[in-house]
Amino acid sequence: METILVPYTTDITLLSVLKLVVALVAIILLLIANSVVMVYLERKVAGFVQRRPGPYEVGPWGILQTVADTVKLLGKQILIPGNSDRFLFLLAPVLSMFPMFLMFLVIPYGPILTGLEVNLGLLLILAFAGMEGLAVIAGGWASNNKYSLIGAARAVSQSVAYEIPLILAILALAFQHGSLDLSVLNRAQEGWIWNWNIFTQPLAFLIFVITCFGETNRAPFDLPEGESELTGGYHTEYSGMGFALFFMAEYTSMMLVSFLAAVLFLGGSNAPVDIPLINGVWWTLIKMGAFMTFMIWVRWTFPRVRFDQLLNINWKWLLPLGLLNLWVTALVMKVVGN
Amino acid sequence: MIDLIASSAALMNASATGVEALSEMMLPQLAHDIMAYVAYGLYVLLILGGGLWAVLARNLVRAMFGLVVTFMGVAAMYLLMASPFMAFMQLLIYIGAISVLIFFAIMLIKNTSSGEEVNFPGPLQALTALISAAAPLVLFGPIIVMNAGKLAQTETPVETPLAELGQGLIEYYVVPFEMISVVLLVAMAGGVLLAWDKRFKK
């Protein structure tokens, strides 16, 4: 319980400002690098899953494909559909990308390496994740296109529904460790591998993984952008950098949930086995990468679910299971804790 | 070689003391004050501007985004008053859920920009609006005036620990806390009742 009572340092020192600036620049570079690598990786993995080579023309093994795509996207004209809400249309892609920088500030990359020390880091991430849905609404509605609007409506009902089991799963962890500070949760999993929350909270991990796919609009829950039904979903009307920003936001939110999975459930920066030179930050990055690869693998393995199935899984299974998990956790904590 | 190691060690020492000196370089109190006032002004502008945008917008979705701006201003104001928990809860619930719910409500009804909300409201409607706008002032005004001396403070506000906040909610303030959920229950019952009525008329 003591960890909650640690007060913030509200004093602004030059060092803290400097640290914040350095962290922001590093995060921006990380997010751009992540998008470039992930687009290539996704296409390559998709190729291998479907027994074809994937991109291989540009550069050796096609590794420069993303660079070519980026240049192409940058050079494209930004089209604004007629009779649309110009202001919201242009605001939406920016709004989808902007809160991401803030959320990456509070993630503990190593035992002491974070951009911003906040004792409510988990809550901060959940709070700003809600703005993603807002950006999708703005984009889908402002496009003045029925496909975009249906895509936006789907995205919203999906993200609102999947947020609840996600929060319930994370709340069980907060119950267990008595903190919403990600660094504290990271440190609480020190020691043996069975201290990791994936072993102490397996049901919460299962719920978390399923809701991750729902929250990031990834297959098998990618109904907001179901190409076969909606020609592209909420970003149908976007071209050039507008589309690129939405695309980047998708990969960034993927990385965010992967970091959360690594820090919350997979032991964070704690090593499962001692390997020289690989410690702390590297373990977080390895676990994050593994979870992201898992997400890509799932996308190319499972077909898209129907919309009623999507909502039924959430309201009839994940929500009761999440409540049960929370209840059992509270009971165990009360019995063990006292 | 030894010289090099020695000089680099000296350099590291120097940089360490440099970092220490940097971390001890607090901004003067005046700078803190100015920043607080600038932030306060900015957030007030956000709240009022968002509210005006919401009221004056010709389109319901645009009005909703005005409301979102107001919510953000309020969240920022909580942050300025050193209650980050309230700020994040404001963002999580009002921006993440309530505004999305409003969007859904707008989608379910006919949304044209030539609807009745474009016309200027009649005198009775304006009067009702004025009364409901003044109601909080009448309710909270006396409390604020009575406690003006206690509320006015110039020092930096101190953050309430989360545990204390939770304990307050389930111990001392448990009755108001539960009453709020009764209000929500009544609202939900009202919604069901409205839908029920429609179903039987068909």
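The values are calculated or read from the model by the stated rules, or taken from the named source; none is laboratory data. Owing to the predicted nature of the structure, the values given are computational and were not obtained by experimental measurement. So basically every Cβ, Gly included, is an ideal-geometry build from the backbone, and we count neighbours across all protein chains shown.
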Residue set B:L67, B:L101, B:L91; condition modelled with pLDDT under 85, within 12 Å of chain A (Cβ to nearest Cβ) and within 28 Å of A:A127 (Cβ to Cβ); output residue B:L101
Over region A:139-153, the set of residues buried (at least 24 other Cβ atoms within 10 Å of the Cβ), in contact with a Phe, Trp or Tyr (Cβ under 7 Å, 6 or more places away or on another chain) and in a helix (DSSP H, G or I) is A:G139, A:G140, A:A142, A:S148, A:G151, A:A152
Q. Do we find a residue being surrounded by 10 or more Cβ atoms within 10 Å (Cβ to Cβ), modelled with pLDDT under 90, within 30 Å of A:M131 (Cα to Cα) and within 14 Å of another protein chain (Cβ to nearest Cβ) anywhere in region B:24-33?
A. yes
Please verify whether A:T252 is under 30 Å from A:D181 (Cα atoms), surrounded by fewer than 19 Cβ atoms within 10 Å (Cβ to Cβ) and within 19 Å of the chain's Cα centre (by Cα), treating the condition exactly as stated. no
Given the condition out of contact with any Leu (no Cβ under 6 Å at 6 or more places or on another chain) and closer than 21 Å to A:L30 by Cα, answer yes or no: does some residue in region A:88-95 qualify? yes
Condition set in a loop (DSSP other than H, G, I, E, B) and more than 10 Å from chain A (Cβ to nearest Cβ), scope region B:70-85, selection surrounded by the fewest Cβ atoms within 10 Å (Cβ to Cβ): answer is B:M81
B:G122 fails exactly one of (1) at pLDDT below 80; (2) within 14 Å of another protein chain (Cβ to nearest Cβ), namely (2)
(1) closer than 21 Å to A:L31 by Cα; (2) more than 11 Å from chain B (Cβ to nearest Cβ); (3) surrounded by fewer than 24 Cβ atoms within 10 Å (Cβ to Cβ); (4) within 18 Å of the chain's Cα centre (by Cα) all hold for A:L171 apart from (1)
Looking across region A:175-205 at residues that are crowded, with 18+ Cβ neighbours inside 10 Å and of a type in the set (A, V, I, L, M), the single one that is farthest from A:K287 (Cα to Cα) is A:L180
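Yes/no matrix, rows are residues, columns are (1) surrounded by 10 or more Cβ atoms within 10 Å (Cβ to Cβ); (2) modelled with pLDDT of 85 or more; (3) more than 30 Å from B:I34 (Cα to Cα):
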position	(1), (2), (3)
B:S114	no, no, yes
B:L127	yes, yes, yes
B:V138	no, yes, yes
B:M146	yes, no, no
B:E159	yes, no, no
B:L165	yes, no, no
B:F177	yes, yes, yes
B:R199	no, no, yes
If you go through A:L18, A:L30, the only one that is closer than 30 Å to B:D33 by Cα and assigned to a helix (DSSP H, G or I) is A:L18
- Does A:Y162 satisfy being closer than 28 Å to A:L30 by Cα, within 14 Å of chain B (Cβ to nearest Cβ) and either within 18 Å of the chain's Cα centre (by Cα) or of a type outside the set (S, T, Y) (or both)? yes
The residue that is nearest to the other protein chains (Cβ to nearest Cβ), considering only those in region A:100-136 that are free of Cβ contacts under 8 Å to residues at least 40 places away in the same chain and within 16 Å of A:S159 (Cα to Cα), is A:G130
Does region B:90-101 contain any residue that is surrounded by fewer than 20 Cβ atoms within 10 Å (Cβ to Cβ) and in a loop (DSSP other than H, G, I, E, B)?
-> no
